[in-house]
Each structure stands twice: as C-alpha cells, then as structure tokens.
Amino acid sequence: MEVVLEQPIKKKIIFSGIQPTGVPTLGNYIGALRNWNSLQDEFNCVYSIVNMHAITVRQNAADLRRQTLEAYALILACGIDPQKSTAFIQSHVRAHAELAWALSCFTQFGELSRMTQFKDKSAKNADNINAGLFTYPVLMAADILLYQTDLVPIGADQKQHLELARDVATRFNGVYGNVFKIPEGYIPTTGARVMSLADPTKKMSKSDENANGFISILDKPETIVKKFKRAVTDSDAEIRYAEGKDGINNLMSIYSVMTGADYAAIEREFEGKGYGYFKEQVGNCVAEHLSPIREKHALLLNDKAYLEKCYTEGAQKAEHFAERTLQKVYKKLGFL
Ligand code: TYM
C-alpha cells in the first residue's frame, strides 16, 4: 500500500513588539496584545520586548532591567504561550542591530524626517533629539523583516512605521532580488486607537502626565472603575456612536471589544440610561477582563527562573531564524 505523507501546511509568520517602558495600557492591550494572543494557534508567532527601542529616550538602567522582565511576564500573563510562540527580548538577538545598520543605508533621510512619531517625540524630548530617535523606524523594519514576516499586529499609531518597513524592503528587493517578504499590517477594526479617558481627542498613552487618562493593565479593579467613572464625555446625554462624541465613541469601542457587542447592540442595551451608569458598566467589564491577567502576572514574577528559561529559549529560537535572513543579506551586500 502506498503511504501518502501529509504535507504540513506552512503557517504564516507574525511579528510584533512592545516597548518595556512603564506598564502597558488598555490601549496596548486592545490595539495589540489581545490580538497577539488570539493569533497564536493559526500562525507562527514571534513576539519581542523591544528594549533597544526604549533607549531612544533616556532610561534608568535598573528600571529598564526590571521593566523588561515585567513586560516579558506581562505578555505571558496576557496569554502568550512560550512553547507555541517565540517570545524573546530584542537585545538578546544581535541580528536586530546588525540588520538595522544595513537597512539604514537603504533608508532616506527625507523618509525618516516625515515620521510623525519622530516629530512628536522630538518635541517632547527637545534636549535629547538623538540619532537613535531618528533612525528608530529602521530598527523596527529590521525587527519585522528578519523573520520574513507576513503579518504585523499593531495599533493604528504604528502604521506609518510599518509602511516605511515595506518601502525599505521593496527597495532592497528591487536591487538584490527577493530577499525580504513584504509584511502586511494587522490593525483591528475596533480599538486600533484607544483614546485617553481624560482627553478623548488624544491617544491613550502610558506617558500621559494625567494618570486618569490611561488604564494600566495592572491597575486594581477599584482603580479601573474609578478612572472610568471620571472619563470625560459630552453634554449630550445619549449613548450613541456619532461624530463629535469622542468620549462616548471611545467608551463604546472599549465596551465593544470587551463584550463582543456591536455598536447597535450597545445603543439598545443602554437606551434611556445615563452616562454615569454606562461609564460604570464599561469600568466593571474592563476590571473583570484584566483581573486574571494581573493575578497571573504576579504569579509569574515570583518565578524568575521560569521567566529566564522562557526568554533564553525564546532568544535561541529567534536567533536561529534571524541569522538566516541576516546571512542572506550580508551575502547579497558582498560582505566577505
Ligand atoms: P508601543 O510599545 O508604543 O506599543 C505596543 C503596541 O500597542 C499599540 N498601542 C495602541 N493601540 C491602540 N490604542 C492605543 N492607545 C495604543 N497605544 C499603543 C501600538 O500600536 C503597538 O502595536 N514601535 C513599537 C514597538 C515595535 C514594533 C516592532 C511593533 C518595535 N519593533 C516591530 C511591531 C513590529 C512601539 O513603540 O509600540
């Protein structure tokens, strides 16, 4: 009898990263981390704590070290399974810095000057507009392109950087043939840009000076509910998704992601109810959703040996793949 071996279907590759600066917010979770988790079964996922990106802004060494471990524990607490996916710390895989250098020679000054995040960050850090801040998107391109990535799960704020990565990869391929896969973004339709609770015209960010503006993934349930109760809305009293109702739109999109209900269903659910009641319900469901993550995070941080084992193995897996791409690039460039 003839034995037909089943061909394994090659899974598509996912890459994404998060900076270890401060505790990630509900924005990071909704825009990216929750998708990192849900993509693990269908795809070959590679996730990184990008500590090399973090030093574009001055960091305290002890804090960065601690926050890197905390961020690593947090992605595991959010459901990243280090057996199923590759979860590692960026500085452990040297190919990132090496490819970034090569790619920087294929990136134009003008392209980098147009990056809105560079403009924002240099305005905020006027006394330290360093070259790393400027070339940050090249390192991000290297992160993505090293793994021959198909899809990059990110929030809307990273879209411009991803487009640059695509442009640089296309340019390189144009000269040397098919070296890099051209990656696509995976940006959620709801929650790609979670806004500040204190000023819903601004993105929710962990660096917000007003702590009421952001929910940290590790905030206690009572803090979460309190911050939602204080969320800025509007003077109209209708829970309806509409232009100009930034605060309510933001709360509705958060509630939609947390419960799976669409906007029409949310409008029906809260018809005739006041803003106070709605805000409390959104707070309750976010608190309930994040509680198990906070608990798991605390447990993981108690087991440093396990975390070390996971990130060491993660780096070995990542390095194996990254090195293949880097060697291909070096060969094309003519490095002896
Ligand atoms: P970072 O660390 O600022 O954010 C991590 C992820 O969270 C998303 N995000 C949001 N999504 C929705 N609403 C918000 N308010 C919000 N704030 C943040 C971000 O879009 C991101 O997906 N440069 C990246 C890190 C990085 C990276 C990469 C990402 C480095 N190399 C390669 C993807 C691929 C950054 O600073 O993300």
Scanning the range 231-248 residue by residue, the ones that are closer than 16 Å to Val194 by Cβ and either open to solvent by 30 Å² or more (accessible area, probe 1.4 Å) or of a type in the set (Asp, Glu) (or both) total 4
Gly260 meets each of (1) under 21 Å from Thr190 (Cβ atoms); (2) over 22 Å from the mean Cα position of the chain (by Cα); (3) surrounded by fewer than 16 Cβ atoms within 10 Å (Cβ to Cβ) with one exception, condition (2)
Exercise for review: Using the structure shown, decide if Phe43 is touching a helix residue (DSSP H, G or I) at 6+ places or on another chain (Cβ under 6 Å) and open to solvent by 20 Å² or more (accessible area, probe 1.4 Å).
Suggested key: no
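Sort through Leu64, Leu76 and tell me the only one that's touching a helix residue (DSSP H, G or I) at 6+ places or on another chain (Cβ under 7 Å), touching a residue at least 60 places away in the same chain (Cβ under 8 Å), more than 12 Å from the ligand (Cβ to nearest atom) and over 20 Å from Ala165 (Cα atoms).
That would be Leu76, the only listed residue that is touching a helix residue (DSSP H, G or I) at 6+ places or on another chain (Cβ under 7 Å), touching a residue at least 60 places away in the same chain (Cβ under 8 Å), more than 12 Å from the ligand (Cβ to nearest atom) and over 20 Å from Ala165 (Cα atoms).
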Going through the range 151-168 in order, the residues found to be within 16 Å of the chain's Cα centre (by Cα) and either open to solvent by 50 Å² or more (accessible area, probe 1.4 Å) or away from the ligand (no atom under 12 Å from the Cβ) (or both) are Asp157, Lys159, Gln160, Glu163
Practice prompt. Check whether at least one residue in the range 156-171 is among the polar types (S, T, N, Q), modelled with pLDDT of 95 or more, touching a strand residue (DSSP E or B) at 6+ places or on another chain (Cβ under 6 Å) and on the phi < 0 side of the Ramachandran plot, and report yes or no.
Written response: no
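Given the residues Ile187, Ile182, which is the only one that is more than 13 Å from the ligand (Cβ to nearest atom) and open to solvent by 10 Å² or more (accessible area, probe 1.4 Å)?
Ile182
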Counting only residues in the range 190-223 that are outside any loop (DSSP other than H, G, I, E, B) and hydrophobic (A, V, I, L, M, F, W, C), the one least open to solvent (accessible area, probe 1.4 Å) is identified as Met195
The residue that is nearest to Arg66 (Cα to Cα), considering only those in the range 268-283 that are part of a helix (DSSP H, G or I) and open to solvent by less than 60 Å² (accessible area, probe 1.4 Å), is Gly283
(1) under 13 Å from the mean Cα position of the chain (by Cα); (2) at pLDDT 95 or above; (3) not basic (Lys, Arg) all hold for Thr68 apart from (1)
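In the range 169-179, what residues are aromatic (Phe, Trp, Tyr) and either within 9 Å of the ligand (Cβ to nearest atom) or buried (at least 17 other Cβ atoms within 10 Å of the Cβ) (or both)?
Start the filter on the range 169-179 by keeping residues that are aromatic (Phe, Trp, Tyr), which leaves 172, 176.
Across the range 169-179, the qualifying residue is only Phe172.
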Filtering the range 6-40 down to residues that are over 14 Å from Lys84 (Cβ atoms), among the aliphatic types (A, V, I, L, M) and open to solvent by less than 10 Å² (accessible area, probe 1.4 Å) yields Leu26, Ile30, Leu33
Of those in the range 102-142 that are within 14 Å of the ligand (Cβ to nearest atom) and small (Gly, Ala, Ser), the residue nearest to the chain's Cα centre (by Cα) is Ala141
Note on the range 190-214: residues near the ligand (Cβ under 10 Å from one of its atoms) and in contact (Cβ under 8 Å) with a residue 24 or more places away in the chain are Gly191, Ala192, Arg193, Val194, Met195, Lys203, Met204, Ser205, Lys206, Ser207, Phe214
### Query
Within the range 238-254, is even one residue closer than 30 Å to Gln117 by Cα, in a loop (DSSP other than H, G, I, E, B) and either within 16 Å of the ligand (Cβ to nearest atom) or in contact (Cβ under 8 Å) with a residue 60 or more places away in the chain (or both)?
no
Within the range 93-106, the residues that are in contact (Cβ under 8 Å) with a residue 40 or more places away in the chain, open to solvent by 10 Å² or more (accessible area, probe 1.4 Å) and either in contact with a strand residue (DSSP E or B) (Cβ under 9 Å, 6 or more places away or on another chain) or farther than 29 Å from Phe43 by Cα (or both) are Phe106
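The values are calculated or read from the model by the stated rules, or taken from the named source; none is laboratory data. What you see is a predicted model; the values in this text were computed from it and never measured. Please note: Cβ atoms are built from the backbone with ideal geometry, for glycine as well, and neighbour counts cover all protein chains shown. To get the accessible areas, we keep the full protein, side chains included, count just its heavy atoms, and leave off ligands, DNA and RNA. Shrake-Rupley method; radii C 1.70, N 1.55, O 1.52, S 1.80 Å.
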